[in-house]
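A.B. asks: Dropping a structure here in structure tokens format, bear with me for questions.
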Amino acid sequence: MGMIGERILRTEDPDLVTGRGTFVDNLSLPGAGHVVYVRSSVAHARITNIDTKAASSMPGVLGVFTCADLNADGLNFVPIDMPLLPAGIRRPALADGTVRYVGELIAAVVAESRAQAVDAAEQVFVDYDALHAVVDPEEALTDQTLLFPDFGTNTIVNLEAGQAADFSQCEVVVSQRIINQRIAPSPLEGRVAASRWEEAGPDGVSRLTHWQACQGAHPIRNQLCAFYGLPAEQIRVITPDVGGGFGAKAFFYPEDMLLPWLAKRVGRAVRYTESRTESMNGLGHGRGQIQDIRIGGTRDGKILAYDMQVIQEAGAYARFGAFLPFMTGRMLTGTYHIPNAYMSSRSVVTNTVPTLAYRGAGRPEAAAAIERAVDLFAVEIGMDPARVREVNLVAKDQFPYTNGTGTTYDSGDYPGSLEQLLDVSHYAQLRDEQKRRRESNDQVQLGLGLAVYVEITAMSGGSEFGFVEVTTNDDGGVHAKVITGTTPYGQGHRTTWAMLVSDRLGIPFENITVIHGDTDAVKSGEITGGSRSVQIGGTNVWRAAGVVADKARQIASRLLEASVDDVVLEDGRFHVAGTPAVTRTWADVVVTAQAMGERLDGEGDFAQASGTFPSGAHLAVVEVDTETGKVKLRDMFAVDDAGRIVNTLLAEGQVHGGLAQGIGQALYEEFIYDADGNPLTGNFADYGFPSAAEVPSFVTVHMESPSPMNDLGAKGIGESGTIGATPAVQNAVVDALSHLGVRHIDMPCTAERVWRALEATK
């Protein structure tokens, strides 16, 4: 026992690094047709004609299909996945008369091979009557060009948080527009899916088997049921290994949803694997906020008021991205005690890729804004930004703490995380180095960027299926099977759940199997995202193991001829308390249970009432060349508090990945459209991201402020690195140049953007 908190190597990795992983694109589906979609080449237009004749006669082509075929079968509009979205804005699976962004699906080509499908797709000719493209969200607000004329406006969601902020008592008020730019999620594995209708059973009903690289098999099954009008028992969804998701694979897409229909149309299994360009121009984008902030306070550093007005890009079809400001509003004031706070937001449709969740989904946007605001305020009053934070951080003894927009944080130690960060980074020495460089007018200046963040995880609360059963193998060895509703896509669930069961039952770690991602094998499951897995899914696995332990103690009590209350399970053996010399093994208990016709199994029943709140403090150290604008990230320090940590090695991995993505947004990443809605960063040749050469070794420190919201005291750590790193790096770049008159630089802080900011001060 005692595995919790240990550094255990991931059991997933040997298969993944040796090519033995099972990904959807690896599946053997004899005779399967390959699907390639014809996509719009213009951002906004009426379709006047679709000519499929040449494509249909190409070698190997099994069929070419348009919205006319969908409509003939009584299908087309995809289900609305957010109940609060306006019903008047609906998305056809294949464009029906109008296209609204470059990359929207117009037709589907099915062929014997992918190459044949690609060739045929190029022979589908589409005639357009071009319409004005609305790319700028502020232009969208004017409603001069409507994406959905019948709806009457481009504004689809209005949200508020808090009460109107009063700045009347502030000695200093600082304002700034902040751009939290549009990001392409870019998972290693793009969208991949396959569908096959099985032979009809004795009841004459043919079941659908659908494979998809996604963040939850059951939600995908539910959407397929809604689209096709089928009962859940007629659809099986399987999610094998998934090569990353970052939130973008938490949702369904027409590319996936159409496959069962296409399989029926051509009378065979079909499969779809998107290209990188398709992924960049179709997989839901993240972020996309324009933030106008005001922060005010006293000259001794006390923040008294904070206000933010948000314009949120929803993209062409309103989905989850339209509600990102809801999370931004909940986390508006971050780690700071600012009761006087307010946010209002407007979400608008534009002729761009729809926005969805991306690692943190609304919470990084809040952190980026408040952390820039605090630094701007610190510069204005001439105080070190670390000191301003110390003055305003929520104190440890204030928890549970309710922030200025009504969100209650469960636990934390924000001053403690900042104190550890300043200590481990030798902050005072770094400031001394910065002072020397400034005094010597060094061409390369040093910048220090701080961020003290908090985020909400498992924000919806809820439950997650967890089941454990202990049996014997053919060789008599004891084995535990775990069934979980959570879906791993890089987090290490297989390892973590096995650790929890081994810790609670004392069964060898290597004898534990974890089953997930199959709606036939798993009773229920939710979308895996929002860093909810350990606190909800893990707790239910933990509780299920506890049920098994109680059943086993009942049987062991008979074998030991003792009261069950006196039986102890310790190090995988059962004994009477106080007499550890006489024991019974798991094998003894399992064999006895089998002889009695009893199963040693259990199911978790935990539903978390609300979210948990990981937090931390990050420091970025950058060097900026004042002649070229080039930024070099020299050091990155991260103190993170995710409550109780099950596997410290996996937690470090999550932090490292998050830091790299946060650095990417701060310095490199931005999805750009031209004025006509054409993507200018539609592949990795144009879309910047950090390589190993640009990312330094990280110094990481774990704190633990256990959450009272679940049995494990866990909070989740999958998004934390991203949330803290982005504003820390941006603040560092500005800090390096603040003495030269640079007040703010929007992300990404590219060499050109930094150089232009410097030139503007001359």
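A.B. asks: Taking region 394-414 as the region of interest, how many residues are more than 27 Å from the chain's Cα centre (by Cα) and either over 21 Å from ASN710 (Cβ atoms) or among the acidic types (Asp, Glu) (or both)?
C.D. replies: So the answer is 3.
A.B. asks: Okay, moving on. Please return the ranges of strands (runs of 3 or more DSSP E) entirely within region 261-347 where 3 or more residues are assigned by TED's automatic domain parsing to the domain that holds ALA93.
C.D. replies: The qualifying strands (runs of 3 or more DSSP E) are 270-273.
Matching residues to (1) farther than 26 Å from SER531 by Cα; (2) out of contact with any strand residue (DSSP E or B) (no Cβ under 8 Å at 6 or more places or on another chain):
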| position | (1), (2) |
| --- | --- |
| SER720 | no, no |
| ALA725 | no, no |
| ASN731 | no, no |
| VAL734 | yes, no |
| LEU737 | yes, no |
| ALA757 | yes, yes |
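A.B. asks: Quickly run through region 551-584 and pick out the residues that are under 23 Å from ILE512 (Cβ atoms) and in contact (Cβ under 8 Å) with a residue 24 or more places away in the chain.
C.D. replies: Once the filter is applied, which keeps residues that are under 23 Å from ILE512 (Cβ atoms) and in contact (Cβ under 8 Å) with a residue 24 or more places away in the chain, region 551-584 yields LYS551, ALA552, ILE555, ALA556, LEU569, GLU570, ASP571, GLY572, ARG573, ARG584.
A.B. asks: Right, here's the next one. Answer with yes or no whether THR472 is outside the structural domain of VAL374 (by TED's automatic domain parsing), modelled with pLDDT under 95 and surrounded by 15 or more Cβ atoms within 10 Å (Cβ to Cβ). Show your work before the answer.
C.D. replies: Numbers: outside the structural domain of VAL374 (by TED's automatic domain parsing): yes; modelled with pLDDT under 95: yes; surrounded by 15 or more Cβ atoms within 10 Å (Cβ to Cβ): yes.
Taking the combined requirement at face value, the residue satisfies it.
A.B. asks: May I ask you to say which residue of ALA316, ALA305, ALA341 is surrounded by fewer than 23 Cβ atoms within 10 Å (Cβ to Cβ), modelled with pLDDT of 95 or more and not aromatic (Phe, Trp, Tyr)?
C.D. replies: From the options ALA316, ALA305, ALA341, the qualifying one is ALA305.
A.B. asks: Are any of the residues in region 107-118 under 19 Å from VAL353 (Cα atoms), buried (at least 20 other Cβ atoms within 10 Å of the Cβ) and not assigned by TED's automatic domain parsing to the domain that holds TRP261?
C.D. replies: no
A.B. asks: Just one of PHE77, PHE125 is out of contact with any helix residue (DSSP H, G or I) (no Cβ under 7 Å at 6 or more places or on another chain), free of Cβ contacts under 8 Å to residues at least 40 places away in the same chain and of a type in the set (Phe, Trp, Tyr); which is it?
C.D. replies: After applying the criteria, what remains is PHE77.
A.B. asks: Would you check if there is a residue in region 7-17 being closer than 25 Å to TYR253 by Cβ and buried (at least 18 other Cβ atoms within 10 Å of the Cβ)?
C.D. replies: Looking through region 7-17, none of the residues is closer than 25 Å to TYR253 by Cβ and buried (at least 18 other Cβ atoms within 10 Å of the Cβ).
A.B. asks: Here is a further query. Give the residues of region 377-433 that are under 14 Å from SER615 (Cα atoms), polar (S, T, N, Q) and part of a helix (DSSP H, G or I), sorted by residue number.
C.D. replies: SER417, GLN420 - these are the residues of region 377-433 that are under 14 Å from SER615 (Cα atoms), polar (S, T, N, Q) and part of a helix (DSSP H, G or I).
The rows are residues; the columns are (1) at positive phi; (2) more than 33 Å from the chain's Cα centre (by Cα); (3) crowded, with 18+ Cβ neighbours inside 10 Å.
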residue: VAL124; (1), (2), (3): no, yes, yes
residue: ASP127; (1), (2), (3): no, yes, no
residue: ALA130; (1), (2), (3): no, yes, no
residue: ALA133; (1), (2), (3): no, no, yes
residue: PRO137; (1), (2), (3): no, no, yes
residue: LEU141; (1), (2), (3): no, no, no
residue: THR145; (1), (2), (3): no, no, no
residue: GLY152; (1), (2), (3): yes, no, no
residue: GLU160; (1), (2), (3): no, no, no
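A.B. asks: Can you say whether GLU189 is under 28 Å from the mean Cα position of the chain (by Cα), charged (D, E, K, R) and part of a loop (DSSP other than H, G, I, E, B), as far as the supplied structure shows?
C.D. replies: yes
A.B. asks: Same structure again: Identify, from the list THR18, THR48, the residue that is within 29 Å of VAL534 (Cα to Cα) and of a type in the set (Ser, Thr, Tyr).
C.D. replies: Going through THR18, THR48 in turn, the sole match is THR18.
A.B. asks: Cβ-Cβ distance below 6 Å, separation of 6 or more or different chains: which pairs start in region 421-433 with a residue that is under 16 Å from GLY449 (Cβ atoms) and end on one that is modelled with pLDDT under 95 and of a type in the set (S, T, N, Q)?
C.D. replies: Close Cβ pairs satisfying both conditions: none exist.
A.B. asks: Looking only at region 451-495, count how many residues are within 25 Å of LEU505 (Cβ to Cβ) and either among the hydroxyl-bearing types (Ser, Thr, Tyr) or in a strand (DSSP E or B) (or both).
C.D. replies: Selection size over region 451-495: 18.
A.B. asks: Go through (1) farther than 30 Å from PRO364 by Cα; (2) aliphatic (A, V, I, L, M); (3) touching a Ser or Thr at 6+ places or on another chain (Cβ under 9 Å) one by one and return the number of the condition LEU448 breaks.
C.D. replies: Answer for LEU448: the failing condition is (1).
A.B. asks: Here's something else I'd like to know. Is there any pair linking a residue in region 344-355 that is more than 22 Å from PRO254 (Cα to Cα) to one that is of a type in the set (Phe, Trp, Tyr), with Cβ under 8 Å and at least six apart or on different chains, and which?
C.D. replies: Once the first residue is more than 22 Å from PRO254 (Cα to Cα) and sits in region 344-355, its partners that are of a type in the set (Phe, Trp, Tyr) give SER347/PHE323.
A.B. asks: Hey, can you tell me all the residues within region 590-619 that are crowded, with 24+ Cβ neighbours inside 10 Å, within 22 Å of the chain's Cα centre (by Cα) and in a loop (DSSP other than H, G, I, E, B)?
C.D. replies: Once the filter is applied, which keeps residues that are crowded, with 24+ Cβ neighbours inside 10 Å, within 22 Å of the chain's Cα centre (by Cα) and in a loop (DSSP other than H, G, I, E, B), region 590-619 yields GLY611, PHE613, PRO614.
A.B. asks: Of ILE515, ILE483, which residue is touching a His at 6+ places or on another chain (Cβ under 9 Å), modelled with pLDDT of 95 or more and β-branched (Val, Ile, Thr)? Spell out the reasoning first.
C.D. replies: Details: ILE515 fails: touching a His at 6+ places or on another chain (Cβ under 9 Å).
Result: ILE483 is the single residue among ILE515, ILE483 that is touching a His at 6+ places or on another chain (Cβ under 9 Å), modelled with pLDDT of 95 or more and β-branched (Val, Ile, Thr).
A.B. asks: Quickly run through region 200-226 and pick out the residues that are surrounded by 24 or more Cβ atoms within 10 Å (Cβ to Cβ), assigned to a loop (DSSP other than H, G, I, E, B) and of a type in the set (A, V, I, L, M).
C.D. replies: Across region 200-226, the qualifying residue is only ALA213.
This table checks each residue for (1) within 30 Å of PRO354 (Cα to Cα); (2) surrounded by fewer than 18 Cβ atoms within 10 Å (Cβ to Cβ); (3) not assigned by TED's automatic domain parsing to the domain that holds GLU365.
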{"site": "VAL621", "(1), (2), (3)": "no, no, yes"}
{"site": "MET636", "(1), (2), (3)": "no, no, yes"}
{"site": "VAL639", "(1), (2), (3)": "no, no, yes"}
{"site": "TYR668", "(1), (2), (3)": "yes, no, yes"}
{"site": "ASP676", "(1), (2), (3)": "yes, yes, yes"}
{"site": "LEU680", "(1), (2), (3)": "yes, yes, yes"}
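A.B. asks: Can you find a residue in region 535-543 that is surrounded by fewer than 24 Cβ atoms within 10 Å (Cβ to Cβ), within 30 Å of SER411 (Cα to Cα) and either out of contact with any His (no Cβ under 8 Å at 6 or more places or on another chain) or free of Cβ contacts under 8 Å to residues at least 24 places away in the same chain (or both)?
C.D. replies: For region 535-543, residues surrounded by fewer than 24 Cβ atoms within 10 Å (Cβ to Cβ), within 30 Å of SER411 (Cα to Cα) and either out of contact with any His (no Cβ under 8 Å at 6 or more places or on another chain) or free of Cβ contacts under 8 Å to residues at least 24 places away in the same chain (or both): present.
A.B. asks: Do you know which of the residues in region 737-762 that are part of a helix (DSSP H, G or I) and under 31 Å from the mean Cα position of the chain (by Cα) is surrounded by the most Cβ atoms within 10 Å (Cβ to Cβ)?
C.D. replies: Of everything passing the filter in region 737-762, VAL754 is surrounded by the most Cβ atoms within 10 Å (Cβ to Cβ).
A.B. asks: With within 15 Å of LYS630 (Cβ to Cβ), surrounded by fewer than 24 Cβ atoms within 10 Å (Cβ to Cβ) and not assigned by TED's automatic domain parsing to the domain that holds SER275 as the only criterion, which of PRO696, PRO690, PRO708 stands out?
C.D. replies: PRO690
The values are calculated or read from the model by the stated rules, or taken from the named source; none is laboratory data. This structure is a prediction, so every number in the text was calculated from the model and none was measured. FYI the Cβ positions are ideal-geometry reconstructions off the backbone, even for glycines, and counts take in every protein chain you see.
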